[in-house]
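The values are calculated or read from the model by the stated rules, or taken from the named source; none is laboratory data. Here the structure is a predicted model, which means the values were calculated and not measured. Positions of Cβ are backbone-derived with ideal geometry, glycine not excepted, and every protein chain shown enters the neighbour counts.
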Amino acid sequence: MSILYGIFIFAFGAVVGSFTNVLIYRLPKRKSIIFPGSHCPNCSSKIKPYDNIPIISYIILGGKCRNCKAKISIRYPIVELLMGLCYLTFFIAFYPNDLLRFIQFIILAPIFLSLSWIDIEHWEIPDELSISIIIVGLASALLIGSWNGLLNSVIAGGIGAIIFWILSKIGKKIFQKEALGEGDIILIAGLGTLVGVWGVFIVMIIGALIGMLAGFVVLFIRKNILKQKSPSSAVPFGPFLIIGAIVAILWGTKLVELYLSTFQV
Ligand SMILES: [Zn+2]
């Protein structure tokens, strides 16, 4: 890989990271993600193109708005940097041998990152993001496979949604509060269409396992470090389902083979 290609793909990722920031900021507020253009959340002044260069502008402006000097959230350069590094990783890992996967990850990365960030910060999953995943899932199934692939994809989304819907009803009865929200149900439908019938079980199992583990860690921190009186072990589920989906996409076939050979199904 030439260094020039690497720099270009990193810069491309950082620009998409800029857009990811728009998603993170505007979707929970139910604002349009297209209009108006970038502006300072404090003084509403329009951000000039030369002040809107990912990562670099933040450093040059010292993390402050040029007009009103209000502090700009460190989230902006972090997300841009993360996306730049993600795209560089996809390029090294998948290009040019697995072009379809490369394109798939390029499209999914901003969706996955903004969804996880919003779920952690606001405890909600915007439908727009989950529906985008459904579209990517169906389109990939059609491109890779055939009508069978598409059928598998649709069934997987349905299975995920039905299982989560049943679990949410049971959870409500037992715990008297919402354990699995509507957002989680639409998200698992999306991830299901993306990873197929075997994959959707991997997503649910891995998501639940890491989610539980994170719950214990969070409970420990809230109890012993933050000294909360009645600490809760609740964690947003979205990010863990997404980790499950990434595992299913990358190593799903191997995991299923391992399972089948172990249990001699
Ligand atoms: Zn300002």
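Remarks
- Some residue of segment 40-50 being part of a helix (DSSP H, G or I), over 22 Å from W117 (Cβ atoms) and not polar (S, T, N, Q): yes
- Scope segment 24-47; condition over 21 Å from G63 (Cβ atoms) and away from the ligand (no atom under 16 Å from the Cβ); matching residues: L27, P28, K29, R30, K31, S32, I33, I34, F35
Rundown of residues vs (1) free of Cβ contacts under 8 Å to residues at least 12 places away in the same chain; (2) within 23 Å of I111 (Cα to Cα), yes/no style:
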| site | (1), (2) |
| --- | --- |
| D127 | no, yes |
| I134 | no, yes |
| L150 | no, yes |
| S153 | no, yes |
| F164 | no, yes |
| L167 | no, no |
| G171 | yes, no |
| K177 | yes, no |
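- Failed item, numbered, when S18 is tested on (1) among the small types (G, A, S); (2) within 16 Å of the ligand (Cβ to nearest atom); (3) under 17 Å from the mean Cα position of the chain (by Cα): (2)
- Breaking point among (1) on the phi < 0 side of the Ramachandran plot; (2) in contact (Cβ under 8 Å) with a residue 40 or more places away in the chain, for G196: (1)
Table: residues versus (1) aromatic (F, W, Y); (2) modelled with pLDDT under 90; (3) farther than 24 Å from A139 by Cβ.
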{"residue": "D184", "(1), (2), (3)": "no, no, no"}
{"residue": "L187", "(1), (2), (3)": "no, no, no"}
{"residue": "W198", "(1), (2), (3)": "yes, no, no"}
{"residue": "M204", "(1), (2), (3)": "no, no, no"}
{"residue": "L209", "(1), (2), (3)": "no, no, yes"}
{"residue": "W251", "(1), (2), (3)": "yes, no, no"}
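- Being farther than 23 Å from E124 by Cβ and either touching a residue at least 24 places away in the same chain (Cβ under 8 Å) or in a helix (DSSP H, G or I) (or both) holds for only one residue in L241, L250, L219, L213, and it is L250.
- Selection within segment 13-39 - more than 15 Å from L113 (Cβ to Cβ) and aromatic (F, W, Y): F35
Table: residues versus (1) among the aromatic types (F, W, Y); (2) assigned to a helix (DSSP H, G or I); (3) in contact with a helix residue (DSSP H, G or I) (Cβ under 7 Å, 6 or more places away or on another chain).
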| position | (1), (2), (3) |
| --- | --- |
| I159 | no, yes, yes |
| I166 | no, yes, no |
| I174 | no, yes, no |
| E178 | no, no, yes |
| D184 | no, yes, yes |
| G190 | no, yes, yes |
| L194 | no, yes, yes |
